[in-house]
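For reference, the structure is listed below as structure tokens.
Laboratory data are not the source of any read-out in this text; all were calculated from the coordinates shown. Because the structure is a prediction, the values reported are computed rather than measured. When we count neighbours, we look across all protein chains shown, and the Cβ atoms used for this are built from the backbone with ideal geometry, even at glycine.
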Amino acid sequence: MPLATATAELDIDAPDYLVRLEAGKHALVGDEGLHEGGQDRGPAPFAFVLSGLVACTAATLRMYMQKKAWPVGHIGVSADLHVDRDGSQYIRRTVRVDAQLEQAQRKRLAEICERTPVTLFIKRGTRIETKMLGE
């Protein structure tokens, strides 16, 4: 049984890259930005990847803080995808936790960030098996 599911549909009459998506039971749209020939009517594919990373990071930190009965406050996570001149890619993630925490607790949360499920998924890479169907 899969851990997660997603589907994409790009209709023949759809404007260029406007894609109807379903992530589990949630309906979304994806698109490319204007500079890529899209209409910017939804996030681009890499923005969805980064969204998954920041959502997982924030939720995992909240779960950990609650489990430890630590003070809980606002958690903000942002991520940017970068490409170096040599073509290598990296993600820069920034985490802000507005709660009365000791330095040791903040250090532990930083360690937890490096072990969230989506962080590990991205870092280790994942095999993709593709099956083509159609007429």
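Structural remarks
- Sum of -39500 (n - 2.57) over DSSP H runs of 4+, divided by residues of the chain (222 nm, nearest 500): -10000 deg cm²/dmol
- Cα-centred dipole magnitude for segment 44-126, charges only on beta-carbon of K, R (+1) and D, E (-1), debye, nearest 20: 280 debye
- Two-site label geometry, Asp11 and His74: point separation in nm, points 7 Å out along Cα→Cβ: 4.0 nm
- Site pair Arg85 and Leu3 shows an inter-label distance of 3.8 nm when each label is modelled 7 Å from Cα along Cα→Cβ.
- Distance between the 7 Å Cα→Cβ label points at Leu133 and Leu34: 3.8 nm.
- If R0 is 25 Å, the Cβ-Cβ spacing of Arg20 and Arg106 corresponds to a FRET efficiency of close to 0.05.
- Whichever lysines have a C-alpha closer than 24 Å to that of Lys67, once near sequence neighbours (fewer than 8 apart) are set aside: Lys107
- Contact order relative to length of the chain, as percent, for alpha carbon pairs under 8 angstrom and 6 or more apart: 14 percent
- Trypsin sites (Lys or Arg not before Pro) within segment 50-117: DSSP coil, no more than 16 neighbouring Cβ in 10 Å: Lys68, Arg85, Arg115
- Segment 1-43: relative contact order as a whole-number percent, Cα under 8 Å and 6+ apart: 30 percent
- Helix 103-113 axis, angle to the chain major axis (alpha carbon atoms, nearest 10°): 20 degrees
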